[in-house]
Amino acid sequence: MYSVENLGKLVTTLRTARRQPSAKRVSRNVVLLGFTSMLTDISSEMVTTVLPLYMVFVVGFSPLQFGAIDGLQQGAAVLLRSASGFIGDRSRRHKDVAFVGYGLSALARLGLLLGGQAWVAITAATVADRLGKGIRTAPRDALISLSSSQEGRATAFGVHRALDTTGALIGPLLAFALLTLIPGSYAVIFLISFCFALLGLSVLGLFVKNHHVDQSGGEDGDQEEPRTSLRSTLRLLKTRRIGGLTLVAAALGLFTVSDSFIYLVLQRQVQFEVTTLPLLYVGTALIFALLAVPFGRLADRLGWMKVFFGGQVLLVCMYGVLLFMPPSRIQVGVCLLLFGAYYAATDGVLMANASKVIPASIRGTGLGLLATALGMARLLASIVFGAVWTWQGMDFAVATFTCGLILATLVSALAMKSLTMKEAT
Amino acid sequence: MTTHDMKTRSLVFAGLVALCLVASVVAVVAFKGQTRPAAVGDIAVDPGEGPTAAPSLVFKNLKAEDGSDHLGWVRLNDLEERVATELPCERLYFAGDRGLCAMPSPDKAGFIARMLDKDLNVTHDVPFPGYPSRVRISDNGQYGVITAFITGESYADARFVTRTTIYDMAAGKAITDLEAFATFHNGRRIDAPDVNYWGVTFEADNDHFFATLATGKQTHLIRGAVSTRTAETLHQNVECPSLSPDGKRIGYKKLVGANGQWRFHVLELSSKLETPLAEPRSIDDQLEWLDNHTVMYGALEDGHLWRLPADGTGTPSQYLDSAASPAVLRPIREG
């Protein structure tokens with residue numbers, strides 16, 4: 001048994017050694033997936049920023065009406081993430097499942113353009129877009145992981161996230177530029193948005209390769225790939241490695257205050273104009289986009305835990321700034337810097353590491369389940385934060401969550417450390 | 001993929017890019033070429049001719065031929081002779097020598113607060129975020145107030161959020177929001193993330209006002225002062241209060257039953273006695289007092305203005321057809 005293990009490890013080392021020159025370079029597939037996400041994000045963010053204006057000024061909704069429309073779709077997308085990951089694994093065609101997701105969103109844009117002012121069309125279009133997003137996320141992340149080497153995994157995710165976020169930055173700018181130059185040009189915005197979605201879809205369809213086997217050969221060359229089924233995935237969740245990772249991610253997510261609340265807290269403290277709020281999102285996204293690749297590289301070089309938990313420390317620091325730094329524009333700037341850096345150090349890095357410990361045959365399902373767990377933890381966090389704020393005030397809520405986060409970070413870091421040490425022996 | 005295959009794919013992609021570019025350019029050119037709607041002009045009148053010269057009702061005229069809602073007015077003693085203008089106010093109010101019209105901005109990307117003087121000349125245009133819902137002015141025209149629905153940063157965030165801004169009408173600037181006030185309930189300062197203020201009505205001293213505060217699932221009547229930036233709760237389940245001309249009673253919407261239905265009530269401020277009014281329908285409007293005995297409101301369902309005795313007796317009767325957002329204007333020179 002001992003010698004077989006050794007042989008397996010030898011084969012793996014040889015395989016990776018042969019691929020050494022390109023091990024650190026990000027594969028073409030990942031870059032292409034990045035561009036797909038970028039083009040699609042330009043498309044969706046263009047619409048997202050102007051849709052409230054459109055619905056209120058052109059179609060004549062009251063804000064309450066479209067709030068009601070939107071509330072309906074929130075739940076469905078969360079569950080879809082796991083389902084689509086599973087379908088991708090089963091069919092071994094992650095690319096095609098992702099294509100359906102991106103395609104649905106592109107069709108949604110078309111529906112918005114052609115639907116005119118019929119509220120049925122608008123509702124259907126927004127629902128379809130949400131569903132599309134839920135469908136494409138897990139297979140896309142699975143594909144990124146399957147298209148990149150173990151050593152360059154976090155860098156690959158970093159590259160993808162950077163391109164993705166850049167798209168999210170360009171979208172609103174483009175939309176507002178169009179509205180300023182050509183007032184009332186909602187139809188033009190929808191058309192251009194559809195064009196970007198179509199181009200994003202084409203990049204995926206024409207140039208991205210479908211992979212269903214981990215290109216790097218996996219960490220344990222002799223480990224049997226589990227059958228793609230929900231049961232095997234759930235069994236995997238029970239293992240210390242993946243179960244532990246999911247618990248850590250969920251525990252940390254539980255004490256993560258949502259973006260909207262952070263910006264609300266800042267607005268209350270600094271008392272700046274409500275119209276400046278979107279700029280805060282842009283600021284954080286900018287930092288995220290700039291730091292995603294460098295932090296990904298750092299994670300590959302130093303190990304994911306240092307970067308990931310370093311990112312959590314950055315979040316704690318940000319909460320500290322909220323609590324202790326006197327309210328000012330500089331305070332806001334520092335918060336955004338820390339917030340964006342936190343995202344860059346945790347978002348892609350977590351997925352990259354998770355993908356390393358989930359076998360290729362259930363990669364999509366596994367990543368999907370992780371995303372679902374994270375999503376639910378964050379939702380709970382939002383509800384609790386709002387409740388604590390109402391009960392005891394804003395400062396108390398931030399302080400409680402800071403303490404909780406410090407505790408969760410320490411416990412998780414120690415737990416992960418002991419887990420890794422146990423495996424090394 | 002073979003090299004030939006790649007070439008074909010690249011060509012297809014290039015073709016799509018070209019198609020998208022052409023379509024976008026055509027769309028932009030075609031849209032720009034469209035005749036723009038005429039800029040909203042001037043509705044100024046000669047001194048002595050406008051609604052501030054004699055007791056009048058200013059309102060949102062729903063009778064306009066082209067279907068859009070514009071400012072209109074009538075003399076209180078001659079409701080038949082309606083004067084229509086082309087000012088597209090979503091919501092409006094007049095008091096003292098000033099008017100406030102919440103209307104779409106010329107570029108249709110937001111709303112502006114258009115301030116008018118006694119001859120309906122435009123004095124200021126101040127943009128504000130969100131969708132206007134309630135507009136009021138203090139008795140001498142000094143302060144104007146607009147409540148607007150604010151949407152979140154993405155439509156994913158569209159919770160029910162209001163923002164109530166107080167304007168200095170002479171200077172044409174926003175002074176403060178109610179959200180910045182220190183509001184107290186039973187001696188404790190209220191500090192929840194979901195507070196919403198709306199529906200301001202001023203007292204005769206042009207400083208104190210009443211409004212609605214909502215937090216959790218409860219609405220409160222609050223009384224505050226612009227000068228101190230503080231307010232306190234007085235009563236529960238009061239929405240969109242409107243102070244009577246004699247300053248003794250408040251007309252408002254009260255939530256009754258379990259289905260979000262409202263019923264107009266009048267609250268006696270000294271005794272806190274509530275009297276339900278005789279309008280059985282659930283109407284979403286801020287009452288306007290015609291005089292100390294009569295209230296007025298716009299019914300969305302039929303698009304008319306209705307009048308109702310303020311003591312709970314009688315029945316609703318139609319006051320003016322095809323109108324909304326009423327403002328009763330009596331020149332301040334008169335008693």
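The values are calculated or read from the model by the stated rules, or taken from the named source; none is laboratory data. Everything numeric here is computed off the predicted structure, so don't read it as measured data. All Cβ positions, even for glycine, are placed from backbone atoms using ideal geometry, and neighbour counts span all protein chains on display. With ligands, DNA and RNA removed, areas are computed over all heavy atoms of the protein, side chains included. Shrake-Rupley method; radii C 1.70, N 1.55, O 1.52, S 1.80 Å.
So here's what we get for this one:
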quantity	calculated
Selection count where residues are surrounded by fewer than 24 Cβ atoms within 10 Å (Cβ to Cβ) and part of a helix (DSSP H, G or I), scope segment A:107-124	11
Among (1) of a type in the set (K, R); (2) at the interface with chain B (Cβ under 9 Å from one of its Cβ atoms); (3) touching a His at 6+ places or on another chain (Cβ under 8 Å), the one test that A:R140 misses	(2)
For B:G314: the one exception among (1) under 30 Å from B:A180 (Cα atoms); (2) not in a strand (DSSP E or B)	(1)
Count - residues of segment A:179-194 that are assigned to a helix (DSSP H, G or I), open to solvent by 20 Å² or more (accessible area, probe 1.4 Å), modelled with pLDDT under 90 and at the interface with chain B (Cβ under 8 Å from one of its Cβ atoms)	2
Filter result (assigned to a strand (DSSP E or B) and in contact (Cβ under 8 Å) with a residue 60 or more places away in the chain) within segment B:230-246	B:C240
Top-ranked residue in segment A:408-424 [being in contact (Cβ under 8 Å) with a residue 60 or more places away in the chain and surrounded by fewer than 13 Cβ atoms within 10 Å (Cβ to Cβ); ranked as nearest to the chain's Cα centre (by Cα)]	A:K417
Pairs with Cβ under 6 Å, 6+ apart, first in segment B:210-223 and away from every other protein chain (no Cβ under 14 Å) and farther than 13 Å from B:T164 by Cα, second open to solvent by less than 10 Å² (accessible area, probe 1.4 Å) and outside any strand (DSSP E or B)	B:L221/B:V238
Sole exception among (1) in contact with an Asp or Glu (Cβ under 7 Å, 6 or more places away or on another chain); (2) outside any helix (DSSP H, G or I); (3) not hydrophobic (A, V, I, L, M, F, W, C) for A:P327, by number	(1)
So B:R114, is it basic (K, R), assigned to a strand (DSSP E or B), buried (at least 17 other Cβ atoms within 10 Å of the Cβ) and out of contact with any Cys (no Cβ under 8 Å at 6 or more places or on another chain)	no
Of all residues making up segment A:376-412, the number that are under 20 Å from A:R136 (Cα atoms) and within 13 Å of another protein chain (Cβ to nearest Cβ)	0
Verdict on A:V357 being closer than 24 Å to A:R161 by Cα, out of contact with any Ser or Thr (no Cβ under 8 Å at 6 or more places or on another chain), open to solvent by 10 Å² or more (accessible area, probe 1.4 Å) and without any contact (Cβ under 8 Å) to a residue 40 or more places away in the chain	no
Those residues of segment A:405-419 which are in contact with a helix residue (DSSP H, G or I) (Cβ under 8 Å, 6 or more places away or on another chain) and at pLDDT 80 or above, in sequence order	A:L405, A:I406, A:A408, A:T409, A:V411, A:S412, A:A413, A:A415, A:M416, A:K417
Qualifying positions in segment A:295-306 - within 17 Å of the chain's Cα centre (by Cα) and open to solvent by 60 Å² or more (accessible area, probe 1.4 Å)	none
Residue in segment B:92-110 that is within 14 Å of chain A (Cβ to nearest Cβ), under 16 Å from B:S322 (Cα atoms) and of a type in the set (D, E) present	no
Candidates A:L237, A:L279, A:L314, A:L264 - the one that is aliphatic (A, V, I, L, M) and in contact (Cβ under 8 Å) with a residue 40 or more places away in the chain	A:L237
Matching option when the condition is part of a helix (DSSP H, G or I) and modelled with pLDDT of 85 or more, among A:T402, A:T390	A:T402
Scope segment B:261-317; condition small (G, A, S) and under 21 Å from the mean Cα position of the chain (by Cα); matching residues	B:S282, B:G298, B:A299, B:G303
Among the residues listed as A:L277, A:L247, A:L252, the single one being at pLDDT below 90, open to solvent by less than 20 Å² (accessible area, probe 1.4 Å), in a helix (DSSP H, G or I) and out of contact with any strand residue (DSSP E or B) (no Cβ under 9 Å at 6 or more places or on another chain)	A:L277
Test: residue in segment A:337-348 that is under 20 Å from A:R268 (Cα atoms), in a helix (DSSP H, G or I) and either in contact (Cβ under 8 Å) with a residue 60 or more places away in the chain or in contact with a Cys (Cβ under 9 Å, 6 or more places away or on another chain) (or both)	yes
Condition broken by A:Q150, with the remaining ones in (1) in a helix (DSSP H, G or I); (2) modelled with pLDDT under 85; (3) buried (at least 19 other Cβ atoms within 10 Å of the Cβ) satisfied	(1)
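A quick yes/no check of all residues on (1) more than 20 Å from B:A299 (Cα to Cα); (2) among the charged types (D, E, K, R); (3) not in a strand (DSSP E or B):
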| position | (1), (2), (3) |
| --- | --- |
| B:A204 | yes, no, yes |
| B:L221 | yes, no, no |
| B:T228 | yes, no, yes |
| B:K253 | no, yes, no |
| B:A258 | yes, no, yes |
| B:S270 | yes, no, yes |
| B:E279 | no, yes, yes |
